[in-house]
Structures are given as C-alpha cells and as structure tokens.
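Notes follow the structure.
The values are calculated or read from the model by the stated rules, or taken from the named source; none is laboratory data. The structure displayed is predicted, hence computed values, not measured ones. In this analysis, Cβ positions are derived from the backbone assuming ideal geometry, glycine residues included, and neighbour counts consider all displayed protein chains. For the accessible areas, the whole protein counts, side chains as well, though only heavy atoms, and no ligand, DNA or RNA atoms are used. Shrake-Rupley method; radii C 1.70, N 1.55, O 1.52, S 1.80 Å.
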Amino acid sequence: MLARPSASAPAPDAKAASAPAESSADVGFARDMAVHHQQAVEMAFIVRDRTTDAAVRRLAFDIINTQANQRGMMLGWLEMWGRAKSSPGPPMEWMGHAVTPRGDGALMPGMATRTELDALRGAKGGDAEVRFLRLMTAHHRAGADMAQAAAAAAGTDEIRNLASGMVAAQRSEVALMADMLRERGATG
C-alpha cells in the first residue's frame, strides 16, 4: 500500500512558487554577502594566528563566529528557495549597479585583494593588527552599505531582518576598529 502524502507537506513546486525571484534583492544579497562574509572570516582567521593581542583576537573570534553563522543561514535560504549559491551575473547586479571586480581578486567593494591578503599573511604582531583593522574597516563599511540596500529592497523577512542587523553590527564594529587603530597610532 502506498503512503499518502501528508496534508501539511508542501507540494514539490510550492518551494519554487514561494521563493524569491532569481533577480530579487533577497537572492542577490544572500549570494553576494555569503562571498563577502567568507573573506571576512578568512581575514579574521589570518590575524588570529598573527597576534597575541587579546582585543584583536576577541574581535577576530567574533567575526569568525558571527559571519560564518550568517553565511550558513544565507546559503541555507538559497538552498531552501531552490536557488544556485552563485550567480552567473556580475556581483551586486541586484542593487541596480553591477560592479566590475577590482582585479587581483577583489570581487566587490571593500574586499581585499590577493596582494593585501598575502601582506596580512606575512605580517605579525602590531603590523598584522593594523593591516587587519584597516582591511576589515573597509570590508565592513562596504558590507554595511550592501546590507542597507538589501534591508530596504528585500521581499522576505529573513533577509530584511538579517540585513538590518548586519548594518547595525558592522557600523558598531567600524567604530570599535577606529578606536583600536588609534590605540595603535594608526588611522583607518
């Protein structure tokens, strides 16, 4: 005897019917911010291993945990919506102004180049701290701008709420990093 489908289980095409459109801010933001967050996590791991400064290491751990978790949520939503995790189009096209990658690996505004990442990997102590804080400040500023655009244009509560929270958190961390740079005699 065949089992009857549960009345509460969605029909196979219900997922696609309720998913944000391929060209939506929700899908575009989830894809682009997942990439942006991956680099922030990478930079945080690099500095964590290049300094013994407790404040910088604490910030790095916070970025690693928060942004890896958020990245996982965004990739999960893309999966749930039946959308690819990467876009065939240029980054930030969903914002109405696609960007051309800067070259040397910087795919979106605020992202570090391969040369900048290599310099961070080669630095130690105070030099690594200042490099990280400068790179992460630019990264967060651009990320907050992208998140603000997503919060304003999103069609789902998931993206609207996550993006709004990102704006506040990343702006707060930019202020913290400005203080940390000043403590080290540097500027952002």
- request: Hey, can you tell me all the residues within the stretch 83-109 that are polar (S, T, N, Q) and touching a residue at least 24 places away in the same chain (Cβ under 8 Å)?
  value: S86, S87
message: Out of the residues in the stretch 156-182 meeting the condition of being more than 17 Å from T66 (Cβ to Cβ) and free of Cβ contacts under 8 Å to residues at least 60 places away in the same chain, tell me which one is least open to solvent (accessible area, probe 1.4 Å).
response: L181
statement: Counted residues in the stretch 51-102 being more than 16 Å from the chain's Cα centre (by Cα) and at pLDDT 95 or above come to 14
- prompt: Would it be correct to say that A150 is assigned to a helix (DSSP H, G or I) and more than 17 Å from the chain's Cα centre (by Cα)?
  reply: no
- prompt: Of (1) among the aliphatic types (A, V, I, L, M); (2) open to solvent by 10 Å² or more (accessible area, probe 1.4 Å); (3) in contact with a Phe, Trp or Tyr (Cβ under 8 Å, 6 or more places away or on another chain), A84 satisfies all except one. Which?
  reply: (3)
Test result for G143, open to solvent by 20 Å² or more (accessible area, probe 1.4 Å), in contact with a helix residue (DSSP H, G or I) (Cβ under 8 Å, 6 or more places away or on another chain) and modelled with pLDDT of 95 or more: no
message: Just to be sure before I move on: is G188 more than 24 Å from N69 (Cα to Cα) and without any contact (Cβ under 8 Å) to a residue 40 or more places away in the chain in the structure I sent?
response: no
query: of a type outside the set (S, T, Y), over 23 Å from V174 (Cα atoms) and in contact (Cβ under 8 Å) with a residue 60 or more places away in the chain - does that describe any residue in the stretch 28-50?
result: yes
query: In the stretch 63-81, which residues are in contact (Cβ under 8 Å) with a residue 40 or more places away in the chain, open to solvent by 60 Å² or more (accessible area, probe 1.4 Å) and either closer than 21 Å to E173 by Cβ or not in a helix (DSSP H, G or I) (or both)?
result: M73
- prompt: Among the residues of the stretch 106-135 satisfying the criterion of being open to solvent by 70 Å² or more (accessible area, probe 1.4 Å) and in a helix (DSSP H, G or I), which is nearest to D179 (Cα to Cα)?
  reply: R134
